[in-house]
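The values are calculated or read from the model by the stated rules, or taken from the named source; none is laboratory data. Owing to the predicted nature of the structure, the values given are computational and were not obtained by experimental measurement. When we count neighbours, we look across all protein chains shown, and the Cβ atoms used for this are built from the backbone with ideal geometry, even at glycine. To get the accessible areas, we keep the full protein, side chains included, count just its heavy atoms, and leave off ligands, DNA and RNA. Shrake-Rupley method; radii C 1.70, N 1.55, O 1.52, S 1.80 Å.
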Amino acid sequence: MTTLYDFLFPCSPYFGQITPENLIFNAKLQEFSQRVNFITALQTSGKVSPQEAFDQIETLWKELQCHKILL
């Protein structure tokens, strides 16, 4: 049985070279993807302006880039 959490935050298995750094980055990348999906849904439904959505996604992208550099 799946839970609401599993439905809202799906997680795909990792098929690459298994190292702690790769697993952490994969998790961060999946989180980034999910959050972008939510932001675009909010923008499409008119709850967030296009500029605000862009700014939020840009911030998420910068966080993901910084995380990749730290690894």
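On full extension, the segment bounded by SER12 and VAL36 gains 7.0 nm, given 0.36 nm per residue less the C-alpha separation. Label zone (GLU21, point 7 Å along Cα-to-C-beta; backbone nitrogen cut-off 11 Å) within the range 51-66: none.
Shown for the chain: the carbon plus sulfur share of the solvent-accessible area, taken with all protein chains present and a 1.4 angstrom probe, equals 64%. Working note: 222 nm ellipticity from helices only, DSSP H runs with n ≥ 4, each -39,500 (n - 2.57), summed and divided by the residues of the chain, gives -24000 deg cm²/dmol to the nearest 500.
Mind checking the angle between helix 50-70 and the chain's longest principal axis? C-alpha axes, 0 to 90 degrees, to the nearest 10. Value to nearest ten degrees: 20.
Normalised per residue, the accessible area of the chain is 81 Å², obtained with a 1.4 Å probe and no contribution from ligands, DNA or RNA. Taking the inverse of the mean reciprocal distance over all distinct Cα pairs, the Kirkwood hydrodynamic radius of the chain comes to 13.7 Å.
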